[in-house]
1. Pop the C-beta distance of residue 78 and residue 436 into the FRET formula with R0 = 41 Å and round what comes out to the nearest 0.05.
2. If neighbour count is taken as other Cβ atoms inside 10 Å, put 239, 449 in order from fewest to most.
3. Under the 0.36 nm per residue contour assumption, what length would be gained going from the current alpha-carbon distance of residue 338 and residue 468 to full extension?
4. Kindly express, to the nearest 10 degrees and within the range 0 to 90, the angle between helix 447-461's C-alpha long axis and the longest C-alpha principal axis of the chain.
5. Just check region 148-204 against the gyration tensor rule for me: Cα atoms, a ≥ b ≥ c as the square roots of the eigenvalues, rounded for a/c under 1.5, and otherwise prolate or oblate depending on whether a/b exceeds b/c.
6. Counting other beta carbons within 10 Å of each residue's own, what order do 272, 392, 249 fall into, fewest first?
7. Under the rule a/c < 1.5 gives rounded, and otherwise a/b versus b/c splits prolate from oblate, where does region 270-338 land using the Cα gyration tensor?
8. How far is helix 41-54 tilted off the main Cα axis of the chain, in degrees rounded to 10, range 0 to 90?
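Rule-based calculations on the coordinates, nothing more; no lab input. Quick caveat: nothing in here was measured; it's all calculated off a predicted structure. A quick note on method: Cβ atoms are made from the backbone with ideal geometry, for glycine too, and the neighbour counts reach across all protein chains shown.
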């Protein structure tokens, strides 16, 4: 059994795991790493027990398809940690719990468009990490993604390494060699199925060697991109070649590529036909990723009775219920509605994201979670969106909750005349020359009005029903934009 939480120093941890919590403004913060984002019903019941024991109202799905607990007032009891370990929610070896950050396409194995079912690869990598505690030296942010090439991809998620299926037997290797929060880039290496785990192992072990050589304090271990930059991409590939157990020879190289268009984050919301006959998956919205005990119990019961007994977490802080028969769809949708959950992509909360804000983070200038919920409630009572609209609340300029550019981003700012928390509104599609002219500060009470006005203008003035919000914004003049977002 791993170390009990109250015997672990927490003050140096910046990316916590279940054995090593971090201190935040609102209490202790810890995370459950969920390899591949897949939970079974017994694990859901263990999470429900965890919430009951800690007295918390909800657990949050993160943008890495893991689970997060905030505002813990005490340490998790040893017997609860044992229960979490026994059902696979915590690593039996505490040294590697923090690096079990494995992401995969949330529709793996059920996506009619996927090229390869990557679930066996994700499981194999999980087992490799579990048997190599020496990799505990890696940054707790180290993450590997598996993308099967289907309709719900994760290639644009900011993982350190991503394997993207390009045929039914081959993957392209992507590495996180760009700036913080950017998507990984292809490095010109193709891998067969039997070469994927050896390549991941070689990169991870080379990364470990780099950390041991370069050092780094306990708070700021070098990231993989730091190690690569130290040796250069070609030099790092030569080191990886020495660790690689396969027979292929390769050289990592920068490729002249066009940026990949980010996949829409909402194709998984609602009802979708699976690759299996008469089977459907249902994507369900969790407001700000919050999942309360009643909803955990309810969805676990639905998954057990009408699905295959599993629930999938997504990197967009929502969940998927797979393997629902067509005859049961209406019943399942009604049960989800009874749990006060949404299962339509055009609901105002479907693409709403918010960081912890000033309640839980020292950098936050605004109460982002509260203000985001207020906005969702306001929009839900006044608007029915026919196209999804992405809105992101960030308490500062770090953009922790969502690295992608949203249609509307609200940046927390404490520079208002009365020093209270206000927001700057950033609109994707606004020409750069106009941005400074649109840099007014909005109080939390003004935000819903401003965004509501922009939705009204979009609905009544767009060219046609297919014109996106971003396209509509991009063709507005400065005076039109000022009128749209003026709340005085």
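1. Numbers: r = 56 Å, r/R0 = 1.36.
Step by step, r from the Cβ atoms, then E = 0.15.
2. Numbers: 239 19, 449 15.
If I rank by nearby Cβ atoms, fewest first, I get 449, 239.
3. On the way: separation 130, 0.36 × 130 = 46.80 nm, distance 3.17 nm.
Contour length minus Cα-Cα distance gives 43.6 nm.
4. 80
5. Working: a/c = 2.11, a/b = 1.22, b/c = 1.74.
It comes out oblate by the Cα gyration axes.
6. On the way: 272 19, 392 25, 249 8.
Ascending number of Cβ neighbours within 10 Å: 249, 272, 392.
7. On the way: a/c = 1.83, a/b = 1.41, b/c = 1.30.
The shape class here is prolate.
8. 70
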